[in-house]
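Worksheet: one structure, shown below.
Values in this text are rule-based calculations from the coordinates and carry no lab data. What you see is a predicted model, and the numbers here were worked out from it, not measured in a lab. Here the Cβ positions follow ideal geometry from the backbone for every residue, glycine too, while neighbour counts run over all protein chains shown.
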Amino acid sequence: MRIGELAHATGATARALRHYEQTGLISSERTSNGYRNYHERAIVRVGNIRYLLAAGLTLDDVRVFLPCLDGDLATARASDKGMRVALERLAVLNGRIAAQTEVRDRLEAALRLRARPSSDTGH
């Protein structure tokens, strides 16, 4: 199948598919006119890549799951390495959320102070 067909079947953009291919997550064969031709099993693989990305993993993280990207990843038991990568990514996300929550709380506190009536007409 051509890239447009794979994009349509998976909900991925052609640009994303080219990027997945460039990073070694999927592969294609080139036709004589240079078009990419993907095997039908690429639909499952791309679906799994998108599933992992939607779960918060990065493309680099997804590489750890290469051996199982062609199966039912959503119900498969994760390997120790896969679990380690997912837990590390979760820690990074939790750290980012904590930092953003802290910034939000500081801004919220500053806005509460400014919302108090005062005789000051400045900033």
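The rows are residues; the columns are (1) exposed (fewer than 12 other Cβ atoms within 10 Å of the Cβ); (2) closer than 21 Å to residue 11 by Cβ; (3) not aliphatic (A, V, I, L, M).
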position: 60; (1), (2), (3): yes, no, yes
position: 67; (1), (2), (3): yes, no, yes
position: 77; (1), (2), (3): yes, no, yes
position: 82; (1), (2), (3): no, no, yes
position: 91; (1), (2), (3): yes, no, no
position: 99; (1), (2), (3): yes, no, no
position: 109; (1), (2), (3): yes, no, no
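Annotation: residue 28 fulfils all but one of (1) out of contact with any Lys or Arg (no Cβ under 6 Å at 6 or more places or on another chain); (2) of a type in the set (S, T, N, Q); (3) surrounded by 12 or more Cβ atoms within 10 Å (Cβ to Cβ); the unmet one is (1). Limited to the range 1-16, what total is found for residues that are surrounded by fewer than 14 Cβ atoms within 10 Å (Cβ to Cβ) and either among the aromatic types (Phe, Trp, Tyr) or touching a residue at least 40 places away in the same chain (Cβ under 8 Å) (or both)? Count: 0.
Just to be sure before I move on: is residue 34 exposed (fewer than 15 other Cβ atoms within 10 Å of the Cβ), out of contact with any His (no Cβ under 8 Å at 6 or more places or on another chain) and under 21 Å from residue 74 (Cβ atoms) in the structure I sent?
Numbers: exposed (fewer than 15 other Cβ atoms within 10 Å of the Cβ): yes; out of contact with any His (no Cβ under 8 Å at 6 or more places or on another chain): yes; under 21 Å from residue 74 (Cβ atoms): no.
Taking the combined requirement at face value, the residue does not satisfy it.
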